[in-house]
1. Looking at the stretch A:237-258, which of its residues are of a type in the set (A, V, I, L, M, F, W, C) and within 14 Å of another protein chain (Cβ to nearest Cβ)?
2. Which of the residues belonging to the stretch B:47-59 are surrounded by 12 or more Cβ atoms within 10 Å (Cβ to Cβ), free of Cβ contacts under 8 Å to residues at least 24 places away in the same chain and touching a strand residue (DSSP E or B) at 6+ places or on another chain (Cβ under 9 Å)?
3. Condition first: part of a helix (DSSP H, G or I) and either open to solvent by 60 Å² or more (accessible area, probe 1.4 Å) or touching a strand residue (DSSP E or B) at 6+ places or on another chain (Cβ under 7 Å) (or both). Now tell me which residues in the stretch A:169-189 satisfy that.
4. Among residues belonging to the stretch B:22-51 that are touching a Ser or Thr at 6+ places or on another chain (Cβ under 9 Å) and of a type in the set (S, T, N, Q), point out the one that is farthest from the other protein chains (Cβ to nearest Cβ).
5. Consider A:VAL59 carefully, then state whether it is crowded, with 24+ Cβ neighbours inside 10 Å, aliphatic (A, V, I, L, M) and away from chain B (no Cβ under 14 Å).
6. How about the stretch B:60-73: which of its residues are surrounded by 15 or more Cβ atoms within 10 Å (Cβ to Cβ), within 14 Å of another protein chain (Cβ to nearest Cβ) and either over 12 Å from the mean Cα position of the chain (by Cα) or free of Cβ contacts under 8 Å to residues at least 24 places away in the same chain (or both)?
7. Being β-branched (Val, Ile, Thr) and surrounded by fewer than 19 Cβ atoms within 10 Å (Cβ to Cβ) narrows it down to one of A:VAL237, A:VAL214, so name that one.
8. Contact list please: Cβ distance under 6 Å, first residue in the stretch A:27-46 and at positive phi, second residue of a type in the set (A, V, I, L, M) and open to solvent by less than 10 Å² (accessible area, probe 1.4 Å), pairs at least six apart or on different chains.
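The values are calculated or read from the model by the stated rules, or taken from the named source; none is laboratory data. These numbers come from a predicted model, not from an experiment. We place every Cβ from the backbone using ideal geometry, glycine too, and count neighbours over all the protein chains shown. Just the protein is used for accessible areas: all its heavy atoms, side chains included, with ligands, DNA and RNA removed. Shrake-Rupley method; radii C 1.70, N 1.55, O 1.52, S 1.80 Å.
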Amino acid sequence: MSFIKRFFISRWGPIITGLAVGVLAPVLVKYGNPGNMGICVACFTRDIAGALGLHRAGVVQYIRPEIIGFILGSFAAALIFREFKPRTGSSPIVRFFLGMFAMIGALVFLGCPWRAYLRLGGGDWNAIPGIIGLIVGILIGIVFLKIGFSLGRNRPAPKALGWVVPVLAVVLLLFLIFAPRFGRDADGNPAGPIFFSAEGPGSMYAPLLLSLGVGLLVGFLAQRSRFCTVGAVRDLVMMRDTHLFNGILVFIAAAFVTNLILGQFRAGFEGQPVAHTDVLWNFGGMVLAGLAFTLAGGCPGRQVFLAGEGDGDAGLFFLGMLAGAAVSHTFSAASSPKGPGAFGPAMVIAGLVFCIIVGLTMRERTEV
Amino acid sequence: MSEEKTLDLRGLSCPEPAIKTKNALKDMTGGKVEVMVDAGTARDNVERVGRDRGWEVTVEELPGGGYRLSLKK
């Protein structure tokens, strides 16, 4: 046990995790997930929001087992390695809104950092302005961190608090398997939720057990190795630390090679799956997402893994992402393959204003 | 400058423990720094910050939960 523990916190931890994600995500595409979307924490959380009826965009509604696996895999790793530590109290309401705006930004680009790297590894060059935007957002976040930005300290919480998100994951799994119908239309016919897309990306998915298995494995590995697609860039720039960044390089390289082997690599800007070609808003959406993730301390995957190990604040960030998905689709802010939604740019600017105010005003009160 | 410092970073989440440790070590050529954290990630990050900068790091688990890291050079 001690050897495994040391191995995953060594430089090999993020590398093995990056390798696993880079290989398995394109395999999930092969088995049914949407193109270059083997894993996307933002898109999948958005699909879950849709399945629950929090938004009614009919093409993006499905309870993604990968997210359930992320939570439960991390939960299991945390229990086994005695790192399940329920805690909360570090500016929860701010973290909720950071999650919301991170999601709004990601849905203007059409993907979280995980999918940005996967799109790059699949030859979708629209990911390039997105990744540049992500880096710019992280750099702005670093400026705030350098001038003392802090969301403050959390405090240990009762065990039950840490179980909330893992239990939510189990409930989602039951909803996925049994798809109960709660609502009825005017004629008395069942009308959801749970909603499942009949067409579009929401209707494309790998077999449940495969998706869940990959999610559990990645959740387990990432909890042990602290894999983070935003922290990688942050630590490289701020600390000159390549520990997490090596994992991202391996992740992109593995996705590229796996896509080549599976015949899924297709280079270009036009006609890419679940993507648009608007350079400015591919960039702008990810500036917002990168900044919001940096202020919250990590990428959406990392937030989900932290929620699995009992971090209530990260759990609230995840719920903020669910709310952000609902807002994005009901306020016409989410992009489609045709381009940004009517209010996408305005919502990105609103989100940037929120993040900048948070970045400038939140400080830890007593210096240690 | 060689001196002794104590940092109580319990409750702070990533990346703050690593940043605060890095800042504390910045002007020190040697001495002893004690850092208290309460999460596994913070423990690993602080340990890496110390080792990468040539400090000898020992980790001790605290009875009430959390960790005390002693950085010496």
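1. A:VAL237, A:MET238, A:MET239, A:LEU244, A:PHE245
2. So in the stretch B:47-59, the residues surrounded by 12 or more Cβ atoms within 10 Å (Cβ to Cβ) come out as B:47-53, B:55, B:57, B:59.
Next, from what is left, pick out any that are free of Cβ contacts under 8 Å to residues at least 24 places away in the same chain: B:47, B:51-52, B:57, B:59.
If the condition is that a residue be surrounded by 12 or more Cβ atoms within 10 Å (Cβ to Cβ), free of Cβ contacts under 8 Å to residues at least 24 places away in the same chain and touching a strand residue (DSSP E or B) at 6+ places or on another chain (Cβ under 9 Å), then B:GLU47, B:ARG51, B:VAL57, B:VAL59 are the ones that fit.
3. A:VAL170, A:LEU174, A:ILE177, A:PHE178 - these are the residues of the stretch A:169-189 that are part of a helix (DSSP H, G or I) and either open to solvent by 60 Å² or more (accessible area, probe 1.4 Å) or touching a strand residue (DSSP E or B) at 6+ places or on another chain (Cβ under 7 Å) (or both).
4. This residue is B:THR29.
5. Spelling it out, it is not the case that A:VAL59 is crowded, with 24+ Cβ neighbours inside 10 Å, aliphatic (A, V, I, L, M) and away from chain B (no Cβ under 14 Å).
6. B:GLY66
7. Values: A:VAL214 fails: surrounded by fewer than 19 Cβ atoms within 10 Å (Cβ to Cβ).
Of the residues listed, the single one that is β-branched (Val, Ile, Thr) and surrounded by fewer than 19 Cβ atoms within 10 Å (Cβ to Cβ) is A:VAL237.
8. A:GLY32/A:ALA206; A:ASN36/A:LEU118
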